[in-house]
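Beneath this line is the structure, given in structure tokens, with notes to follow.
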Amino acid sequence: MARITAGVATSHVPLLGVAHDQGKERDAYFGPIFAGYDWTRDWEKAEQPDVVILVYNDHASAFDMKIIPTFAIGCGERYRPADEGWGPRPVPDVIGHPDLAWHIAQSLILDEFDMTIINEMDVDHGLTVPLSMMFGKVDAWPVRVIPLAVNVVTYPPPSGNRCWALGEAIARAVASFPEDLNVQVWGTGGMSHQLQGQRAGLINRDWDNRFMDGMIGESDHLRHIPHIEYLRETGSEGIELVMWLIMRGSLGAATRLLHRHYHVPCSNTAIGHIVLAPATPSNGD
Ligand SMILES: [Fe+2]
């Protein structure tokens, strides 16, 4: 059977894609940022996942104000890097896993999550930057990818609780797929950041780190953070963090920390990265 073996979360700051593509990963500014991903690159080489369910948001590349799906799943064979204004990133096409994706779509919809199904789209930095951070420069991505897009751009985004529950439903879907596949779930976006207005540049180091603390272990209190708290504490774009909760929900009742990285600044944001494995809940000892 297919099984979820780990969860990865990371910011998907577009500037990291530029630094990566221009070979600046080890310069004075970007060095400390990329160094926090060295552990994960080695770990991914050892883990060799077959499929990544990559939770991200589109930034007006595949969707715009004409259509705004709350939750959408990519069931296509292949996705090309989007042109976000400077030409497509020079990274490989993203190869999907239609059989597993359609299985998950069916399972989620029958589980009462009304997913939008996408068979053709381009994927922007929200999806390709995390792949670059985890796998570096490659001729072909070493995993199949199922894009799972979440609306965190236009109000109202889904609640953290709904995202967590979607992660739980994804776990049920994967566990009922008969092929023996090593599946990871990635949640991307965040951490605290605001790109416009009087509070542009807002970074909340304490809140970000408390959020990362909450991803570890048995607690599920993060699912109950209201939108207004994200807005107040993490700026207008910090709501992207609800996508981390889809990953967290997919790992079950308890998690074990494998790796953690936090750095300020990256562009005008804080970046965070965490790697988790499912764990057996304690018996209260
Ligand atoms: Fe984003």
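The values are calculated or read from the model by the stated rules, or taken from the named source; none is laboratory data. Remember, it's a predicted structure, so these values are computed and weren't measured experimentally. Every residue, glycine as well, gets a Cβ built from its backbone with ideal geometry; the counts of neighbours run over all protein chains shown. All accessible areas refer to the heavy atoms of the entire protein, side chains included, with ligands and DNA or RNA removed. Shrake-Rupley method; radii C 1.70, N 1.55, O 1.52, S 1.80 Å.
Below are the figures for this structure:
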quantity	calculated
Peptides ranked, highest mean first, by Cβ atoms within 10 Å: ranges 45-57, 154-166	45-57, 154-166
Rounded if a/c under 1.5, otherwise prolate or oblate - the range 1-68, Cα gyration tensor axes	oblate
Local electrostatic count at E233 - Lys and Arg +1, Asp and Glu -1, tallied over other residues with Cβ under 13 Å	0
Lysines with Cα under 18 Å of K45, excluding same-chain neighbours fewer than 8 positions away	K137
Solvent accessible area, Å² - D220, 1.4 Å probe, full protein context	70 Å²
The range 61-133, dipole about Cα centre (Lys/Arg Cβ +1, Asp/Glu Cβ -1), debye to the nearest 20	180 debye
Cut-off 11 Å, label 7 Å out along Cα→Cβ of E179, residues of the range 1-33 by amide N	2
Relative packing of peptides 184-190, 19-25, 83-89 - highest average C-beta neighbours within 10 Å first	184-190, 19-25, 83-89
Förster-model FRET efficiency, 22 Å R0, Q198 and K24, C-beta, rounded to 0.05	0.10
The range 1-75 versus the range 139-213: alpha-carbon centroid distance in Å	10 Å
Burial order of peptide ranges 121-132, 265-276 (average beta-carbon count within 10 Å, highest first)	121-132, 265-276
Point-charge dipole on Cβ atoms (K/R +1, D/E -1) for the chain, about Cα centre, debye to 20	460 debye
Prolate/oblate/rounded label for the chain (Cα gyration tensor, a/c 1.5)	rounded
Residue-averaged [θ]222 nm for the chain, counting only DSSP H segments that reach four residues, each worth -39500 (n - 2.57)	-9500 deg cm²/dmol
Share, in percent, of DSSP beta bridges within the range 62-152 that are antiparallel, nearest 5	60 percent
Separation in nanometres of the label points that stand 7 Å from Cα toward Cβ, at S159 and R80	4.1 nm
Percent antiparallel among DSSP beta bridges (both partners in the chain, rounded to 5)	50 percent
Carbon plus sulfur fraction of accessible area for the range 118-217, probe 1.4 Å, in percent	48 percent
Computed FRET value (nearest 0.05) for D64 with L258, which takes r as the C-beta separation and R₀ as 30 Å	0.20
